[in-house]
Amino acid sequence: KSYILTHHNNFSFLFSLYNDVISRTNQINRTLLDLLGILFDSHIDGEIREIVDDLSRKMKEAKVKREILELVKISIGISERLGGVKEEE
């Protein structure tokens, strides 16, 4: 707990950086999916289908990671508040 509080700024920076990377990955993924949709409008062969499925899976994983990141941020906030309460006692 004290390690997290001591390195709060570092964790905050890492989470911010991670969030930016996820956002950029999502933008690239959407652009690529749009491009694939234009190029292969009527038929997508097996290999392209696998790529699209893989991208979709990675998007879902990124969403889960974003949700976990939010939970970690909430946990750090609660930990900081509890630390403040302890100090007041």
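Nothing in this text is a laboratory measurement; each read-out follows from the coordinates by a stated rule. Please read these numbers as outputs of a predicted model, since none were measured by experiment. Backbone-built Cβ (ideal geometry, glycine too); neighbour counts: all protein chains shown.
Taking every lysine pair in the stretch 2-88 that is 8 or more places apart or spans two chains, those with Cα atoms closer than 24 Å amount to 5. Working note: Karplus 6.51/-1.76/1.60 with θ = phi - 60° gives the stretch 64-77 the couplings 4, 5, 5, 5, 5, 4, 4, 5, 5, 4, 5, 4, 5, x Hz, where Gly and Pro are set to x. Grab the beta carbon distance between LEU35 and ASN9, set R0 = 30 Å, and tell me the FRET efficiency rounded to 0.05. Using R0 = 30 Å, I get an efficiency of 0.15. Going through [x] 1.11; [y] 1.25; [z] 0.97, the figure that equals Rg/Rh (Cα atoms, Kirkwood Rh) as computed for the structure here is [y]. Think of the chain as a dipole: +1 on every Lys or Arg Cβ, -1 on every Asp or Glu Cβ, centred on the Cα centre; then among VAL64, HIS8, LEU82, LEU82 lies furthest on the positive end.
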